[in-house]
Amino acid sequence: MPATATIETPTDEVAETYAAAEAHFGHVPNFVKVLATNPTFCKSLTEFMIQALGEGRVSWAFKELVILKTLRSTGAYYSYGAHEKLAAELGNSADRIGDTHNSIWATSPHFTDGERAVFSYVDQIAIDANDVGDDIWGPLLEHWDSGQLLELSSVITTFINIGRMGDALGVADPVLFSKPVA
């Protein structure tokens with residue numbers, strides 16, 4: 001049970017946000033219902049989650065691995081199981097999903113050099129985002145363009161926030177999507 005109130009029936013201020021969440025996820029996730037206690041915050045964060053959890057400049061399947069790595073790197077548990085399930089539904093193998101754990105990704109044959117560069121970036125941001133050095137930027141810039149790096153940075157930093165906020169507030173979302181995603 002969340003530590004804060006949840007808004008089950010949308011107020012006029014969040015009705016549009018709930019409709020967008022239901023259209024995208026197939027239902028309104030509990031996290032959105034908690035965010036609804038602050039309609040402005042709810043709208044902006046829900047809009048970003050909808051954008052992040054879909055195809056973009058970076059494939060949704062890879063973004064799910066980035067989300068899993070981000071949650072693991074920061075020790076967050078909110079929605080981890082749901083993202084693991086989603087990563088598999090989007091075509092990631094059990095090996096790719098499992099190898100995001102700790103530093104296994106660094107030597108895993110299941111990732112490209114570009115993907116490994118992103119996981120290194122995730123680990124560094126989780127430790128200290130002010131200390132992302134050339135040793136991390138060099139490989140990133142070899143494999144990703146500026147728009148992709150912006151998208152990846154946004155997903156990483158937003159899911160640090162979402163994971164920690166979900167944990168702190170005691171929110172559970174064992175299923176994020178109640179409709180097919182692939």
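Laid out as a table, the results:
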quantity	calculated
Segment 61-111 - Rg and Dmax from Cα coordinates, angstrom	9.9, 28
Reciprocal of mean inverse Cα separation for the chain (Kirkwood radius, Å)	16.8 Å
Extension gain from PHE177 to ASP135, taking 0.36 nm per residue of separation minus the Cα-Cα distance	11.4 nm
Rounded Å value of the spacing that divides the Cα centres of segment 57-123 and segment 1-43	27 Å
Order of PHE62, PHE31, PHE48 under a 10 Å beta carbon neighbour criterion, fewest first	PHE48, PHE62, PHE31
Gaussian network model of the chain, Cα within-10 Å springs - most flexible of GLY91, GLY163, GLY138	GLY138
Gaussian network model of the chain, Cα within-10 Å springs - most flexible of ALA172, ALA19, ALA36	ALA19
Difference of contour (0.36 nm per residue) and Cα-Cα distance, GLU13 to ASN102	27.9 nm
Cα-based Lys pair tally, the chain, threshold under 23 Å, eight or more apart or on separate chains	9
Two-site FRET efficiency, ALA20 against ARG164, from Cβ-Cβ distance with R₀ of 22 Å, rounded to 0.05	0.40
Dipole magnitude (debye, nearest 20) for the chain, charges at Cβ of Lys, Arg, Asp, Glu	380 debye
Charge-dipole axis of the chain as Lys and Arg at +1 and Asp and Glu at -1 on Cβ define it, positive-most pick from GLN124, ALA172, LEU86	ALA172
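None of the figures in this text is laboratory data; all of them are computed from the coordinates on show. These figures come from a predicted structure and were not determined experimentally. Methodologically, a virtual Cβ is constructed for each residue, glycine included, from the backbone with ideal geometry; neighbour enumeration extends over all protein chains shown.
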